[in-house]
Structures are given as C-alpha cells and as structure tokens.
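Structure record follows, encoded as structure tokens.
The values are calculated or read from the model by the stated rules, or taken from the named source; none is laboratory data. None of these values were measured; they are calculated from a predicted model. Glycine gets a Cβ as well: all are built from the backbone with ideal geometry, and neighbour counts include every protein chain shown. The protein model used for the area step is the full one, side chains on, heavy atoms only, and it has no ligands, DNA or RNA in it. Shrake-Rupley method; radii C 1.70, N 1.55, O 1.52, S 1.80 Å.
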Amino acid sequence: MFTVVFADDDFIRHADEYRLILQPFFDNKRVKFGPWDPSGETLAQMCPGLRDLVGQEREWRAVVIVPSQGFEIQAQNPFDVVRYAETAFGADMSRERKESFQRAVAQPLVRFGTFLSPPPDSAFETEGKDDDESPMRWDQARFLAEDAYRRELLATVHDPDDPDRHLMVPEPTELYYLSPRIYEPASLGEKPGAQSPEYEYSQFAYDNLYPHNAKYAVFDICERGHTLYEYNYVCFLEFLFAFATNDVPSGKMRSDRLYRAVCTNDPALLKSFFNRYRQKLSLTGSLLGKKVKELQEMSLEKMDDEQAYHLYCTPREVHPPSSQPAKESTYAHDVAGKFGLFAKPAADKAKWDGVTAGKAEFFERHGKRLNRMFLQVCDDARGAIPADYPGSDALTPSQMAEVEEFSLEQELASISGAQGRAWSVAELKKRMLDADARMREYLDKRMTTGKAALVTGVALMGVVLSFLPVWFIGGASGVSMAWAGVAFLLGCVLIAAVAAMVLMYYKNKTKEELHGYNGTVSSCFDDARSLLESVARKAGYMCDVLRSSGVLQSALSGVNHRSAQIRIYEKHRYDIDVAWGSAKGVYDRFVDVDAASAAHDAQTAEPYEFDFELPKSYTYTLPFTESDVRKIRYMGRDLAGEIPIPFISEIDMVREEIY
C-alpha cells in the first residue's frame with residue numbers, strides 16, 4: 001500500500017544522511033516523506049503539500065513519526081502525554097479528569113491525527129464493564145458522561161480552512177504513530193493503584209483522545225552521543241522503511257495497545273556485504289593510485305615553437321548562429337494602392353489592421369529568437385575556453401613571451417572599433433509600435449471626401465461670386481462677355497488643377513510614410529544582426545585573452561594539466577575514504593572479517609565505473625543488486641515481508657506490557 005511518512009524537517013534531514021546505506025529503500029516510489037509541523041493550527045499548516053504527496057492514490061496509509069524535540073520520548077510510553085488522573089468513582093467527572101482531557105485535545109499528535117481521521121461515530125462501549133466483581137468497577141453513568149465530554153472536545157478540533165471536514169485527499173485507511181524511545185526501564189516504577197493491567201493499559205489511547213483507528217509503536221534507541229546511537233538509528237530507519245513497504249498482517253496490532261518495533265540484522269550477512277563493499281572501494285582506490293603514479297613518473301616533453309603557436313596563439317572564432325534575414329514581405333508592406341485619394345477613417349483603419357495583423361507577434365517572436373542567438377554566442381564563447389592547458393608547463397620563456405604578446409593584441413582588438421548600440425527585445429518591440437502609431441496618426445490626418453468637397457465648393461463659389469458683377473454690369477459697361485466666360489473657365493480649371501496636385505501630394509505622402517515605416521522595421525532587424533555579429537567577434541577576442549591568461553598563469557604557478565589531474569585523482573581517493581568511514585561508523589562491529597572471507601569476497605568485487613578524470617564528485621553507493629531482494633520473517637510470519645536489503649533478517653512488533 002502507498003505510504004506517506006510524516007516527520008519533522010530535522011528527522012527528514014537526519015534520515016537523508018544515511019541514504020548511501022539505505023539507497024534501495026529511498027528508491028522505492030511507494031513511500032514518500034512529508035514534513036509536518038507540530039506548531040501548525042490547520043492541516044495545511046501542519047502538512048503543506050499533502051495533496052501533492054498523496055497524488056491520485058485512493059488508498060494510502062499514514063505513519064506519523066513523533067519528533068524528538070518537545071515530546072517525552074524518554075518515557076516508557078511516549079504517547080501517554082497527559083497521564084491518567086486518578087479519580088474517585090462517581091457519577092460526575094472530577095475537575096482533574098476534565099483538565100487532563102483538555103490538555104490532551106491540545107496535543108499536536110492528537111490534532112494531526114484528528115484532521116486525518118473520520119470523526120468517531122459510535123458511543124463508548126460500556127457493555128461488560130459494569131461488573132461488581134471487577135477489581136476496578138466501571139460506573140456506566142460516569143463513563144457515558146466522559147465520552148460525551150470527549151466528543152465535545154474533539155468537535156472543537158476543526159480546520160478553519162476546512163470547516164466541513166472535506167479532507168483535501170482521501171482519508172488514510174490506516175494510521176500509525178511511531179516514536180523513537182529513550183528510557184531506562186529500571187527507573188520507571190509500577191504505577192500506583194494499578195490492579196488490573198488490562199484495564200490500565202487499554203486506557204492511554206482513550207485518555208489522550210487519540211483517533212479511534214490509530215495504532216502505536218516505539219523503537220528503542222540510545223541517546224545521541226552514545227557509541228551505538230548511529231547503529232540504533234539506522235536500525236530504526238530499516239524498520240521504518242520495511243514497515244512502510246509491507247502490509248501489516250490483519251490482527252497483528254490493536255488500536256489500544258502499545259508495541260515495541262524490532263529490527264534484526266544478520267551479523268554474518270552484514271560482514272559479507274560490507275566486506276564486498278570494502279573490496280570494491282579498495283580496488284577503485286588502487287586503480288586511482290596507479291594513475292597517480294603514472295602521472296608522477298611522466299617526463300615533460302618540450303614543444304617546438306610552431307606547435308606552441310598553433311596551440312595557444314591561433315585566434316579563436318565565435319560565429320554568430322545562422323539567422324536568415326526576414327524577407328521584406330514579412331514586415332514591410334507597399335500597400336499605398338489600397339488607400340484611396342480621400343481618407344475614410346473606418347475603412348482605412350480596417351485596411352491597416354489587416355495589413356499589420358499578426359505582425360506584432362512576429363516582431364516579438366523574431367526578437368526573442370535573436371535574443372536566444374545572443375545567449376548562444378555567449379555559451380559558444382564559454383565553450384571555446386579550455387578547462388585545462390596541456391603542455392603549458394613545458395613552454396619555454398620565448399614561447400611564453402609570444403603568448404603574452406598575442407594576448408595583448410587580442411585585448412586591444414576587443415576594445416577598438418565602433419561599439420554596438422544597446423539593443424533588447426523590448427526596444428525592438430517599442431520601435432515597431434512607435435512606427436505603427438505614427439502611420440495610424442498620419443492615416444487619421446488625411447483629407448476626407450467631405451472636407452475635399454467642401455474646400456472645392458468654397459473655391460468654386462469664390463470664383464462664381466467674383467464674376468457675378470461682370471455678368472450683371474459687364475454688358476452695360478461694354479465688357480465682352482465671351483472673354484469673361486473664358487476667364488471664368490480658366491479659374492475653374494486652375495482650381496481643379498490645384499485640387500489634383502494636392503491629392504497627388506497626399507498620395508505620394510502616403511507612399512513616403514509607408515516607406516518610412518518599412519525602413520524603421522528593416523533597420524531594427526539590421527541593427528540586431530549587426531550587434532550579434534559584433535558580439536560574436538568581440539567574444540572571440542575575449543576567448544583568446546582568457547585562454548592566453550590561463551596558459552600564462554598555469555605555466556607560472558605550476559598549475560598544469562598533470563598536477564591538476566593528480567589532484568583530481570587524490571580527491572576521488574579522499575572521497576572513497578570518506579564513504580568507507582561513513583559506512584564503517586554505523587556498522588563498525590560487523591566489518592572486521594577474517595582473511596579467508598576477505599579473499600573470497602575480493603574475487604567477485606569489481607571497481608566502480610566512473611570517469612575519474614572529472615573533478616565531479618561521485619557517490620560510492622553500496623553494492624546492492626537485484627538479487628538482494630528477498631523474503632524475510634515479518635511480523636511473526638516466515639517469508640511474509642519483502643525487502644531489498646540483504647542483511648536484514650527479521651522485522652517484528654512485540655506488545656509492551658504497561659502497568
């Protein structure tokens with residue numbers, strides 16, 4: 001069954017320190033760790049991310065680990081927080097009894113379990129308890145009153161974020177509390193007045209208001225600082241994982257009992273397994289030692305001048321990514337023919353919207369592509385700088401002087417010449433929008449048909465009015481009417497010619513504005529490509545400068561390829577010692593094996609496979625294999641549990657007799 005282990009951050013961090021030893025358990029996808037905060041007031045505060053932990057699982061179980069801080073894990077029963085208050089038997093509850101219930105309902109373990117569990121739906125069972133022959137007679141009226149009061153208190157434990165108790169995930173089908181326990185049995189005396197172990201024992205879950213479906217277990221470990229603490233703690237983790245990955249047999253645990261968890265390791269299997277691990281580490285360390293010795297005995301070979309020049313004085317070129325320029329048709333539009341001699345605002349706006357439809361997205365997309373090309377240039381430049389400088393320790397003084405001169409030339413080249421103008425996707429988009437706004441503003445200012453007709457009418461009216469006196473008094477004064485008519489016609493023609501010239505001017509102006517729009521768009525892409533080429537060229541210069549500086553520093557300080565590689569090998573050898581020390585610190589008493597056993601295990605061991613020339617750290621995992629998965633004795637039944645750890649022999653729960 002899918003299992004979520006709820007633990008505080010300190011426990012999760014501490015458990016992760018032993019991932020190397022328990023890696024197969026950590027790899028199990030049916031177990032997840034979820035942090036829970038005892039100080040939280042709501043379920044979301046106590047366990048953030050519960051929905052992500054459970055996911056789509058319809059059936060799951062919860063294992064709540066009791067934190068070591070703030071809880072009495074030294075007690076014989078860490079779950080009996082409030083302690084049973086002795087009261088006289090009567091129909092009424094005593095004040096001490098009520099106060100103990102009030103303390104219990106405020107406990108984080110109770111609140112968290114109540115959030116995860118359905119509310120109790122049955123009254124307290126009193127049948128058979130009211131027996132005069134019982135050493136501790138139950139008073140039915142009193143316990144019914146107690147049960148009602150307990151329900152009243154539990155009803156106050158609600159999540160303000162979820163008042164209707166609609167849990168954000170399905171309720172767990174099983175709920176377990178598991179606590180580490182540190183205590184001295186001899187220091188715990190028998191509880192005063194305990195006459196019936198069965199009665200006294202069964203009351204702690206009831207007295208502390210735990211959910212009715214919860215079950216309880218402890219695991220005994222030594223205090224931190226004790227020589228056996230680490231081994232005890234790892235055994236605790238072994239039990240936790242084995243318990244989380246296997247189902248508990250029906251009837252093995254009762255909800256009103258306390259159980260002691262037991263994890264048993266087989267000493268012979270532990271010795272064999274960790275001897276195999278030691279031999280695997282030893283072979284790997286020997287291989288690295290051999291490589292170090294070979295490098296230390298390697299003699300330096302001088303390079304000739306031509307070889308040194310080719311290796312360290314050849315300019316590196318960083319080429320800009322191939323970028324096909326956007327065709328003019330993709331961003332420029334000679335659409336003057338679409339616009340008439342006279343402006344029609346609504347129609348012109350619709351036409352321009354059709355012309356520029358999708359172009360803003362194209363500009364932004366193309367700009368981002370150029371931005372990615374810029375980043376690619378930077379990545380290519382970084383990749384052109386070598387990580388080491390083989391042969392630098394063999395350079396002669398004259399060859400080093402040649403490298404230094406080449407570095408100076410490239411540095412001067414990198415700061416000379418015209419500097420590229422700053423550019424960004426936002427600037428490109430702004431220039432596009434500005435050009436578009438100017439074009440729209442111009443289209444709005446064009447002369448409409450109504451305005452043109454009005455101006456022409458006014459001009460013609462002026463001509464007519466100017467000739468009216470001639471027509472009315474011209475004949476009487478002897479003025480020729482024929483010449484007056486000719487002059488009138490010439491005036492009309494002149495007005496028409498001027499109107500035509502104005503219209504042609506606006507037509508050409510429209511074309512000029514469109515060409516200006518096209519030029520703005522084209523210049524944006526040209527500037528971007530020019531900057532990209534400039535950056536690539538200067539990046540090549542800087543690669544040469546950095547490479548030359550690295551060569552000179554390597555040659556002068558003795559940090560050469562050979563010594564650097566030796567240090568990398570030595571680092572891996574140190575990591576091997578650390579890995580073995582970590583494992584040995586836990587299982588120290590199981591790793592001292594006899595020579596015959598070591599020789600037998602060494603025959604099957606192989607070194608770790610890794611590119612040890614890299615300075616990257618390597619995790620020297622224990623040599624777990626698929627064949628290590630096996631059946632063990634689990635919860636009192638042979639071959640009932642399956643685990644991937646080869647040296648665990650038994651997992652069990654033993655009932656604790658608490659008085």
Taking θ = phi - 60°, what integer Hz values does the Karplus form 6.51 cos²θ - 1.76 cosθ + 1.60 yield along the stretch 502-514, in sequence order, with x for Gly and Pro?
5, 5, 5, 4, 5, 5, 5, 4, 4, 5, 5, 5, 5
Residue-wise HN-Hα coupling along the stretch 2-13, computed from phi with Karplus coefficients 6.51, -1.76, 1.60 (Hz; x: Gly, Pro):
5, 10, 10, 9, 8, 8, 6, 4, 5, 5, 5, 5
Out of residues 5 or more away from residue 179 or on other chains, whose amide H comes under 5 Å of its own, with H placed 1.01 Å from N in the peptide plane?
66, 217, 218, 219
Can you give the FRET efficiency for residue 30 and residue 533, using 1/(1 + (r/R0)^6), R0 = 60 Å, r = Cβ-Cβ distance, to the nearest 0.05?
0.60
Rounded to whole Hz, the Karplus (6.51, -1.76, 1.60) HN-Hα couplings of the stretch 518-528, x for glycine and proline:
4, x, 4, 5, 4, 5, 4, 5, 5, 5, 5
From highest to lowest solvent-accessible area (probe 1.4 Å; ligands, DNA and RNA excluded), 626, 41, 57, 96 read 626, 41, 96, 57
With a 20 Å threshold on alpha-carbon distance, the violating pairs from 291/616; 271/291; 290/571; 215/252 are 271/291
Label point 7 Å beyond Cα of residue 220 along Cβ direction - residues of the stretch 243-287 with amide nitrogen under 16 Å:
258-265
If you take the beta carbon distance between residue 626 and residue 20 as r and set R0 to 25 Å, what does 1/(1 + (r/R0)^6) give as a FRET efficiency, to the nearest 0.05?
0.85
1/(1 + (r/R0)^6) with r = Cβ-Cβ of residue 489 and residue 515, R0 = 35 Å, i.e. FRET efficiency to nearest 0.05, evaluates to 0.35
Show me the ranking of peptides 106-116, 498-508, 524-534 by mean Cβ neighbours inside 10 Å, starting with the highest.
106-116, 524-534, 498-508
Net lengthening on full extension, residue 145/residue 106 (0.36 nm per residue, minus Cα-Cα)
12.0 nm
List the residues, sorted by chain then number, that are 5 or more residues from residue 33 or on another chain and whose placed amide H is less than 5 Å from its amide H.
5
Considering the zone a paramagnetic label at residue 13 would reach in this model (a point 7 Å from Cα along the Cα-to-Cβ line), which residues of the stretch 221-245 have amide N under 18 Å from it?
224-225
Could you pull out every residue, at least 5 positions away or on a different chain, whose amide H is within less than 5 Å of the one on residue 649? Hs are placed 1.01 Å off N in the peptide plane, and Pro or chain starts have none.
264, 265, 266
Based on the mean of other beta carbon atoms within 10 Å per residue, what is the order of 630-636, 256-262, most packed first?
256-262, 630-636
Extension gain, residue 427 back to residue 255 (0.36 nm per residue minus Cα-Cα distance, nm)
55.0 nm
For 513-522, 169-178, ranked highest to lowest by mean beta-carbon neighbours within 10 Å, the order is 169-178, 513-522
Contour minus Cα-Cα span, residue 314 to residue 157, at 0.36 nm per residue, comes to 48.9 nm
